[in-house]
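Beneath this line is the structure, given in structure tokens, with notes to follow.
The values are calculated or read from the model by the stated rules, or taken from the named source; none is laboratory data. Remember, predicted model here, so these are calculated numbers, not experimental data. All Cβ positions, even for glycine, are placed from backbone atoms using ideal geometry, and neighbour counts span all protein chains on display.
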Amino acid sequence: MPDNSHFYQPKDGHQLPHDPFNAIIAPRPIGWISTKSATGQVNLAPYSFFNAFNYHPPIIGFSSIGYKDSVKNAADTGEFCWNLVTRSLVDLMNQTSAAVDPSIDEFELAGLAKGQSKIIDVPYVALSPVVMECKTSQVIQLQTAKGDTCQTWMVFGEVVGVHIAKSAIKEGIYDTAAMHPVMRGGGPGDYFSVDELQKFELQRPK
């Protein structure tokens with residue numbers, strides 16, 4: 001790294017107007033997670049720390065700063081759904097990020113219709129072109145290198161059912177760009193989307 005780089009140790013602060021960490025690890029898929037509590041209360045919330053972690057079986061996961069309703073519900077019932085956020089859904093997704101009482105149904109708050117899952121007992125965003133039904137496989141409280149616990153929990157789920165809109169499949173291949181997925185960037189409110197202009201192909205060496 002050249003000497004003109006900006007170096008900092010996170011424990012001492014970044015000395016910048018806004019933390020660059022989540023802008024560097026970006027853009028990140030949005031974990032738009034729907035859950036249902038043990039008593040039947042529905043919850044829908046977006047998480048910017050989300051990704052896929054395994055092929056067979058497929059496992060996805062999201063990280064929550066604080067033991068929020070999504071974590072508690074996924075832990076208590078063992079189920080959650082991931083809903084793809086598209087450019088057309090981004091404003092509705094943003095409405096579901098509001099900090100509201102656990103008794104509030106974010107589907108109703110944002111005016112989103114619910115779809116009925118086929119395998120698990122959790123509703124999904126009916127307008128989302130891709131939904132993954134998941135069985136919770138692990139809930140892990142993160143810790144530091146020294147072993148101190150963080151107030152952050154990682155929820156992993158095995159994907160047991162996948163809904164894909166037929167319009168998203170072309171010649172048998174899922175068309176990522178056609179769905180215009182939205183991802184979280186850095187800064188106070190930076191987001192990115194994908195379209196065909198950003199696409200390029202790169203074959204792995206044999």
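Just a few scattered comments:
- Considering only residues in the range 69-85 that are buried (at least 18 other Cβ atoms within 10 Å of the Cβ) and of a type in the set (D, E, K, R), the one that is farthest from P102 (Cα to Cα) turns out to be E79.
- The set of residues in the range 149-199 being over 20 Å from N51 (Cα atoms) and of a type in the set (S, T, Y) consists of T149, S167.
- Residue among S37, S64, S97 that alone is among the small types (G, A, S), buried (at least 17 other Cβ atoms within 10 Å of the Cβ) and modelled with pLDDT of 95 or more: S64
- For first residues located in the range 88-109 and within 14 Å of G31 (Cα to Cα), partners that are surrounded by 20 or more Cβ atoms within 10 Å (Cβ to Cβ) and of a type in the set (G, A, S) and lie 6+ apart or on another chain with Cβ distances below 7 Å form the pairs L89/S128; T96/A45; S97/A45.
- Among the residues making up the range 145-197, those that are without any contact (Cβ under 8 Å) to a residue 60 or more places away in the chain and assigned to a helix (DSSP H, G or I) are K166, S167, A168, A177, A178, E196, L197.
Every residue, every condition in (1) farther than 15 Å from V130 by Cβ; (2) modelled with pLDDT under 95; (3) surrounded by fewer than 16 Cβ atoms within 10 Å (Cβ to Cβ); (4) out of contact with any Leu (no Cβ under 8 Å at 6 or more places or on another chain), yes or no:
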site: F156; (1), (2), (3), (4): yes, no, no, yes
site: H163; (1), (2), (3), (4): no, no, no, yes
site: I169; (1), (2), (3), (4): no, no, yes, yes
site: G189; (1), (2), (3), (4): yes, yes, yes, yes
site: Q198; (1), (2), (3), (4): yes, yes, yes, yes
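- Checked across the range 39-47, the condition of being under 13 Å from the mean Cα position of the chain (by Cα), within 21 Å of P129 (Cβ to Cβ) and without any contact (Cβ under 8 Å) to a residue 24 or more places away in the chain holds for at least one residue.
- Verdict on S88 being surrounded by 22 or more Cβ atoms within 10 Å (Cβ to Cβ) and not in a strand (DSSP E or B): no
- Residue in the range 15-32 that is under 17 Å from V122 (Cβ atoms) and touching a Ser or Thr at 6+ places or on another chain (Cβ under 9 Å) present: yes
- Any chance A126 is free of Cβ contacts under 8 Å to residues at least 40 places away in the same chain and under 16 Å from the mean Cα position of the chain (by Cα): no
- The number of residues in the range 100-150 that are out of contact with any Asp or Glu (no Cβ under 8 Å at 6 or more places or on another chain) and over 18 Å from A45 (Cα atoms) comes to 12.
- Apart from one condition, P20 fits all of (1) surrounded by fewer than 19 Cβ atoms within 10 Å (Cβ to Cβ); (2) under 19 Å from P181 (Cβ atoms); the exception is (2).
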